[in-house]
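Trainee: One structure coming up, written as structure tokens, with questions to follow.
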Amino acid sequence: FLKLSGYSSDELLNRTTLDLHLHSQDSSRQKIIEILDSEGKVANFSCDIISKDGNPKNVMISAEILKINNVNSYIVASFMDFTSIKMAHSVLMASEEKYKSVVLNVKEVIFQTDAEGLWTFLNPAWTEITGFTIDESLGTNFLNYVHEDDRQKNTELFLPLIRREKSYCRHVVRYNTKFSDFRWIEVFARLTLDSEDNIIGTSGTLNDITDRLIYEEKLKHEQANMKAILENIPFLAWLKDKEGRFISVNSYFANAAARDINDIIGKTDYDIWPKELAEKYVADDNEVMETLKQRFVEEIVHENNNDYWYETVKSPVLNSMGKVIGSTGLARNITERMQIEQKLRSLNSLYALITELSSKLIQVDTDNTDNAINFCIQKLGEYADVDRTYI
């Protein structure tokens, strides 16, 4: 008691618990007195006392009134320190409450089955996903809820676990719901063993991935459509990340680069084109990513050892937050158009020259014939881009 209370013998002798303010609450002291008066003894009464240093201690008090010669009465009492036990119990209760909160609120189903495959534990997520209540499900076989077309598959995937060839199993199957449809469920399970290493059941989680699979399928469909569009337009098409690495290209681009598509993905312009062209392409990409504006350019592309004119449009690629994550572009071969335009310009120049020379010759008099002819020859030489002309 001296160690428990922190007082010395001299400090305790001839003093009452009231003098020492030993009880943290007067009501507990009064309750002990009432029980002693009525029953003559107190057994395992839990209360808090205050030690000399002011720290509270949880104790279990047992006391009994002892009479000597039916005259003098004494109280014999024992104090058992339960402080550490109570603290450990409080920590345990808090931990259990936290665990219970997690189990009850997690969106994944947490389950346990016995060795026969009967549900022994399910958390509320089971009802949210399947519609079946916990009460109606406990004690029933888990296979009853697996889609009939997936039961054989599920059993086969479980076998390596049951045979202890694997420490866990993870697979995806369909689970029926109470609403006559099904959900795609990712199953994670481990064996539950007793102290003698015997299998007494399984435990694990069921994660509803239906929405994720629907999104992935939609994404695959959109990607397939996009690929079909890119492969069927007669343009070079590409997509790059922010560092200029190719993420995707179409077959027209691959043909222009004289490479396989898989050999282009992950590469940069410097790995594919001559240095001077690569530097220009990278500069254009950086400009559209910095300004967030499309850029239209007519540029030369070195393709199959020849130079061709391409009309190119480049655009920045933004994520849902409006942040630049790369660039994309389309380029169409305009070499034939450029050649036609050059021919038209040449023809227009020739027509203008013929018109000018005809006018000159028509208006010349006989005395200036030689000068007029020399003038025409000079103009024809300039048009033909020759050094000298003779007559």
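The values are calculated or read from the model by the stated rules, or taken from the named source; none is laboratory data. Keep in mind it's a predicted model, so treat the numbers as computed, not measured. Note that we place each Cβ from the backbone using ideal geometry, even for glycine, and neighbour counts take in every protein chain shown. Heavy atoms of the whole protein, side chains included, go into the accessibility calculation; ligands, DNA and RNA do not. Shrake-Rupley method; radii C 1.70, N 1.55, O 1.52, S 1.80 Å.
Trainee: What whole-number distance in Å separates the alpha-carbon centres of the range 38-112 and the range 180-202?
Mentor: About 39 Å separates the Cα centre of the range 38-112 from the one of the range 180-202.
Trainee: To continue, here is another question. Can you work out the accessible area per residue across the chain, with the rest of the protein chains kept in place, probe 1.4 Å, in square angstrom?
Mentor: Ligands and nucleic acids excluded, the result is 66 Å² per residue.
Trainee: Once the other residues with Cβ under 13 Å from the Cβ of Glu39 are scored (Lys, Arg +1; Asp, Glu -1), what is the net sum?
Mentor: Once all neighbours under 13 Å are counted, the net charge is -1.
Trainee: Follow-up question, since we're still on this one. List the lysines whose Cα sits under 24 Å from the Cα of Lys153, skipping any in the same chain fewer than 8 residues away.
Mentor: Within the straight-line limit of under 24 Å, Lys153 reaches these lysines: Lys166, Lys178.
Trainee: In addition: Less than 16 Å apart at the alpha-carbon level, and either on another chain or at least 8 residues along: which lysines does that give for Lys218?
Mentor: Straight-distance partners of Lys218: Lys227.
Trainee: How do Lys100, Lys293 rank by accessible surface area computed with a 1.4 Å probe, from largest to smallest?
Mentor: Reading off the accessible areas and sorting them downward yields Lys293, Lys100.
Trainee: Given a 1.4 Å probe and every protein chain left where it sits, what share in percent of the accessible area of the range 145-275 is carbon and sulfur?
Mentor: Exposed carbon and sulfur together represent 52 percent of the surface.
Trainee: Can you pull the Rg over Rh of the chain, Cα-only, Kirkwood?
Mentor: 1.43
Trainee: Quick check: the angle from helix 151-162's long axis to the longest principal axis of the chain, C-alpha only, nearest 10 degrees?
Mentor: 60
Trainee: What lysines could a cross-link reach from Lys220, if we take a straight Cα to Cα line under 22 Å and drop same-chain neighbours fewer than 8 places away?
Mentor: Straight-distance partners of Lys220: Lys240.
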